[in-house]
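Written below as structure tokens is the structure these notes are about.
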Amino acid sequence: MSELHNIVLKILEKGKGILAADESTGTMTKRLNNVNVPSTPENRLLFRETLFSASSMSECIGGVILYDETIKQETSKKIKIPELISKMGSTPGIKVDTGAKVLAGSPDEKITEGLDGLRERLKEYYKLGAKFTKWRGVYTITKNFPSKLSMRSNAHSLARYAALVQECKMVPIVEPEVLMDGEHSAKECYEKTSEVIKRCFDELILHKVDLKGIILKPNMILAGNKSKNTISNEEVAKLTLKCLKNSVPSEVPGIAFLSGGQSEIEATENLNLINKYNDTNFIMSYSYGRALQQSALKFWSKNIQDIKGTQKVFNHRAKMNTLATQSKWSKDLEV
Ligand code: 5MM
């Protein structure tokens with residue numbers, strides 16, 4: 001078995017998932033401003049250190065995606081952040097894209113940048129302890145979007161990124177996120193997400209990426225957040241499974257969903273149902289940002305020194321999602 005495949009299996013073993021704590025400083029500042037905490041490097045570190053030293057890091061969180069600032073920080077006890085994550089029994093990872101920018105040729109869409117100098121940055125992150133990486137392409141749904149241009153250019157970048165990451169002996173998380181924003185129906189989300197994912201795999205194969213050594217991080221199939229036609233959680237799970245069965249090659253070992261603006265409970269419930277109906281060989285897990293951190297952040301903001309209390313809130317969310325990967329979650333566990 002290849003080293004990369006082993007890393008994937010270790011991250012997603014025994015119902016574990018991934019904590020996406022890779023908010024760029026801009027995004028983290030918005031999150032902290034929302035709860036009236038000043039966004040200083042110290043506060044960003046304190047919140048993240050609080051999560052990374054919680055007990056669920058050993059039981060539920062197989063990997064943590066860090067941002068450039070965090071991977072280079074040290075805890076209050078002078079432990080390097082990647083070292084803390086490894087000591088807790090989890091795996092440190094790093095976001096390596098430099099953000100989604102206006103796509104020339106289709107200015108209402110985005111292209112993710114960061115390929116220039118990536119090989120050198122990867123070597124640096126590897127030395128800092130990263131075992132896996134993340135790159136996110138974003139797509140919007142309208143009548144004409146995502147355009148062919150957006151699908152092809154983002155797939156090309158995701159594949160070039162993934163090939164470089166594997167060359168550097170790390171596992172690439174490939175994240176094509178079809179956004180929930182808009183009036184589109186779940187059927188449109190299904191059709192467009194299927195096309196986006198297929199296009200990504202065409203390019204990954206062309207770039208000779210070892211599919212056994214990647215993790216796919218897709219969106220679930222949902223109706224747009226401004227759509228008049230909502231669908232049930234059962235339908236979300238069934239459509240999501242159908243989409244992935246038809247568009248993801250069977251060699252891919254693991255799929256870890258993003259939460260994409262769903263509430264914490266919704267993201268857990270949908271994951272639980274996906275696993276209930278999962279008739280594929282893919283491990284179906286989570287790589288949540290907001291859906292793992294929201295309540296913990298809210299709690300912490302009331303007293304940023306209450307480490308234990310904040311960890312309790314975070315541990316609960318992590319536990320619920322790990323139960324969902326085994327389809328053992330139920331609503332009554334939430335009280
Ligand atoms: C954690 O947020 C990541 C994006 O940060 P920036 O926009 O600041 O770069 C994001 O890529 C995240 O990893 C995924 O979208 C999953 O997060 P959610 O909140 O959708 O589960």
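The values are calculated or read from the model by the stated rules, or taken from the named source; none is laboratory data. Worth saying up front: this structure is predicted, and the values here are computed from it rather than measured. Quick reminder, even Gly has a Cβ in these numbers, built from the backbone with ideal geometry, and neighbours come from all protein chains shown. Surface areas here come from the heavy atoms of the whole protein model, side chains and all, with no ligands, DNA or RNA. Shrake-Rupley method; radii C 1.70, N 1.55, O 1.52, S 1.80 Å.
Calculated on the Cα set of region 158-269, radius of gyration then Dmax: 14.6, 46 Å.
Under a model in which nothing but the beta-carbon of Lys, Arg (+1) and Asp, Glu (-1) is charged, region 3-334 shows a dipole of about 420 debye around its Cα centre.
Comparing P218, G254, A237 along the charge dipole axis of the chain, the residue lying farthest to the positive side is G254, per the Cβ-charge model.
Where the eigenvalues come from the Cα gyration tensor of the chain, what are the semi-axes √(5λ) of the equivalent ellipsoid, largest first, in whole Å?
Calculated on Cα positions only, the semi-axes equal 28, 24, 20 Å.
The label-point distance for S330 and E195, in a model that sets each label 7 Å from Cα toward Cβ, rounds to 4.2 nm.
Probe radius 1.4 Å, ligands and nucleic acids left out: which of L9, L206, L271 has the largest accessible area, and how do the rest follow? Intermediate values should be presented prior to the final figure.
On the way: L9 60, L206 120, L271 0 Å².
Descending accessible area places them as L206, L9, L271.
Per-residue 3J(HN,Hα) values for region 178-191, derived from phi via the Karplus relation 6.51 cos²θ - 1.76 cosθ + 1.60 with θ = phi - 60°, read 8, 5, 7, 4, x, 9, 5, 8, 5, 4, 5, 4, 4, 5 Hz in sequence order (x marks Gly and Pro).
Computed from the Kirkwood radius of its Cα pairs, the Stokes-Einstein diffusion coefficient for region 216-263 at 10 °C and 1.306 mPa s stands at 134 µm²/s.
Compared with the direct C-alpha span, the chain from N6 to T230 gains 76.7 nm at full extension, assuming 0.36 nm per residue.
Rounded to whole numbers, the Karplus 3J(HN,Hα) couplings from phi for region 244-254 are 5, 4, 8, 10, 10, x, 5, 5, 5, x, x Hz, using 6.51 cos²θ - 1.76 cosθ + 1.60 with θ = phi - 60°, and x at Gly and Pro.
With Cα atoms as the point set, region 22-80 shows a radius of gyration and Dmax of 11.8, 31 Å. Region 266-335 and region 33-107 have Cα centres separated by 18 Å. Going down the table (K30/K80; K302/K331; K14/K331; K95/K169; K198/K328; K208/K245), which pairs top 19 Å between alpha carbons? Exceeds cut-off: K30/K80; K302/K331; K14/K331; K198/K328; K208/K245.
When the chain is described by a simple charge dipole with +1 on each Lys and Arg Cβ and -1 on each Asp and Glu Cβ, the residue from L271, N43, V174 located farthest towards its positive end is N43. Each Cα pair under 8 Å and six or more residues apart adds its sequence gap; the mean of these over the residue count of the chain is a relative contact order of 18 percent.
Of L66, L179, the order by accessible heavy-atom surface (1.4 Å probe, DNA, RNA and ligands excluded), from most exposed downward, is L179, L66.
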